[in-house]
Structure formats: structure tokens, C-alpha cells
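This report refers to the structure that appears directly beneath it.
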Amino acid sequence: YHPREDMDMNTMAHELEMTEDDVLAAFRYWERRGLVHRVSDKPLQYRYVNMAQLNAAAKPDPVYEAFGESIYGAFGNTRRLHGSEISECYEWVEELKLPPEVVIMLLKHMVAIKGKNFAIRSAEPLAARLAEAGVKTIEEAESILSVDRKTVDGTVKVLKRLGKRSRLPSEDEIALYRKWTQEWGFSADAIEAACSETVKGDPNFGYLDGILKKLCRQDEGKATRDVKDVEEAFAETNR
């Protein structure tokens with residue numbers, strides 16, 4: 001009601017001790033709820049709606065409401081989601097240009113691999129990957145998410161081989177496994193075979209990463225590395 005001429009998103013974020021992205025996300029959420037109106041994009045400016053004059057019968061954006069209901073369905077209607085969590089998912093539709101049905105599929109995928117109580121923000125890197133790949137259909141999303149499922153399953157198997165059976169893999173561990181398979185060309189069996197070498201030190205993903213990196217240097221130029229390559233390399237080293 002009493003705006004300052006020098007107030008902008010950066011200043012507001014600083015004074016609220018928030019990130020600028022979080023402030024922008026909040027304004028977009030309030031805009032969808034009919035509580036503010038965007039009056040300018042450059043610079044970005046919003047006008048607050050006078051609550052006393054707000055029509056009590058006014059309904060929120062039906063598209064956004066339908067999206068919210070679909071999200072509840074992705075969690076089997078058993079998880080109580082905060083408005084900010086639904087808004088965060090809708091950001092992937094508005095900002096990343098992912099179709100709503102692809103976002104719902106992504107959430108179901110996360111539920112399948114991490115359970116219903118995963119942090120919504122932890123799905124953002126995968127949402128960004130789908131957007132970078134230009135995914136526009138369910139079929140295109142499935143081709144990427146199926147690879148991600150194999151990556152998570154493989155990471156879980158490695159955890160078990162390393163004696164860490166009581167927890168799910170971290171995002172960093174999944175990223176390492178993805179690097180080993182997609183960038184360095186190791187098969188799942190080859191990675192599991194390499195786990196046998198971790199008994200010489202602390203059996204963790206960092207140590208295993210060093211072992212696999214050394215193998216890459218030994219046969220630099222190979223596109224793929226299967227379990228036979230790993231076993232032969234270890235046999236040669238241990239002679």
C-alpha cells in the first residue's frame with residue numbers, strides 16, 4: 001500500500017533474507033490466487049489487490065486448481081502438500097515449459113524410487129533434465145525416466161555391495177553412478193565387480209570412483225567397459 005520507489009525484487013529479497021527466486025515464486029503464486037496483479041514485466045512490478053474490495057466469490061485459476069488435484073493424485077491422495085510445494089511444481093510448467101502431464105509423471109516416478117515423503121525440490125534437477133531434452137510427451141519422458149530408474153536401482157545395488165543397506169542413495173551417489181555408466185561406459189556388472197577392490201580401504205562411493213577412474217586411464221579410448229575388462233585389469237594389477 002505504501003511502495004518505495006527504490007524497492008525492487010533484489011532489494012526485497014535482501015531485506016526478507018530470502019533468495020530472489022523464492023520472492024518471485026511467491027509473487028507468481030499470489031498472482032495465480034488473484035491476490036496481486038502484474039502491471040509490468042520490465043521492470044517486474046506487481047500491484048496488490050485491496051483485500052477489502054476483493055470479490056469473495058472470485059475463484060482461483062481453474063487450470064492451476066486442476067493441476068493441484070492431479071498432484072494429490074500422484075501421491076495417492078495421502079500426502080498433505082503445502083501450497084508452496086504445488087506452486088514449485090507448477091513452476092516447472094511455467095518456467096521450464098514441461099507439459100502438466102509430464103510433471104505428474106515425474107512426481108509418480110519420484111514416489112516410486114524415494115517414497116511419498118521426498119522433498120519436492122529434490123525432483124528439480126530431473127525436471128530440468130527433461131526440459132533440456134525438450135520433452136513434450138509422456139513417451140519421451142518415459143524413455144528418460146526409465147534410464148533414471150536403472151541408475152537409481154544400480155546405485156542401490158552398489159550401496160548393498162558396500163555394506164550400506166539401511167538407507168537410500170544420496171543425490172551425489174546417484175550422480176556418480178550416472179557418470180560411471182553414461183560418461184565412462186562401465187556396465188552395471190563391471191561396477192559391482194569393482195566393489196571388490198574397496199576392501200583395501202574405506203568402502204564408499206568416493207573410493208570406488210577413484211578405482212574406476214584409474215581403470216579409465218588404463219584403457220583410455222574405450223567406449224564401453226564390461227565386467228571382463230574390469231576383472232582382467234584387476235588380475236593384471238594384482239600379479
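Derivation of every value follows stated rules applied to the coordinates shown; laboratory data play no part. As the structure is a computational prediction, the values presented were derived from the model and not from experiment. When we count neighbours, we look across all protein chains shown, and the Cβ atoms used for this are built from the backbone with ideal geometry, even at glycine.
Each residue of region 19-32 was assigned a 3J(HN,Hα) from its phi angle through the Karplus curve 6.51 cos²θ - 1.76 cosθ + 1.60 (θ = phi - 60°); the sequence is 7, 5, 4, 5, 5, 4, 4, 5, 5, 5, 5, 5, 5, 5 Hz, with glycine and proline shown as x. Cα convex hull, region 108-239: 114 Å³ per residue, rounded to a whole number. Maximal additional length on extending the residue 147-residue 10 stretch stands at 45.4 nm, based on 0.36 nm per residue less the C-alpha distance. Excluding same-chain neighbours fewer than eight residues apart, the lysines reachable from residue 116 by a Cα-Cα span under 17 Å are 108. Counting only Cα atoms, the size of region 1-142 along its three principal axes is 49, 34, 26 Å, in decreasing order. Ellipsoid fit via the Cα gyration tensor, region 155-209: semi-axes of 16, 14, 10 Å, each the root of five times an eigenvalue, largest first. Say R0 is 35 Å: what FRET efficiency, to the nearest 0.05, do residue 213 and residue 138 get from their beta-carbon distance? So the FRET efficiency works out to roughly 0.40. Per the Debye calculation on region 68-121 with a single equal scatterer at every Cα and no solvent contribution, log₁₀ I(q)/I(0) for q = 0.14, 0.18, 0.19, 0.30 Å⁻¹ amounts to -0.30, -0.51, -0.58, -1.43. A convex hull fitted to the Cα coordinates of the chain yields 179 cubic angstrom per residue.
Under 5 Å between amide hydrogens, built in the peptide plane, is the criterion, and for residue 225 it picks out 186, 187 among residues at least 5 positions away or on other chains. Mean residue ellipticity, 222 nm, helices only, the chain: the sum of -39500 (n - 2.57) across DSSP H runs of n ≥ 4, divided by residue count and rounded to 500, is -17500 deg cm²/dmol. FRET efficiency for the residue 164 to residue 129 pair, using the beta carbon distance and R₀ = 22 Å, is estimated at 0.30. When the listed pairs 136/160; 157/213; 114/214; 160/228; 157/179; 160/200 are checked against a 25 Å cut-off, the alpha-carbon distance exceeds it for 136/160; 114/214.
Is the C-alpha gyration tensor of region 5-52 telling us rounded, prolate or oblate? Criteria: a/c under 1.5 is rounded; beyond that, a/b larger than b/c is prolate, otherwise oblate. It comes out prolate by the Cα gyration axes.
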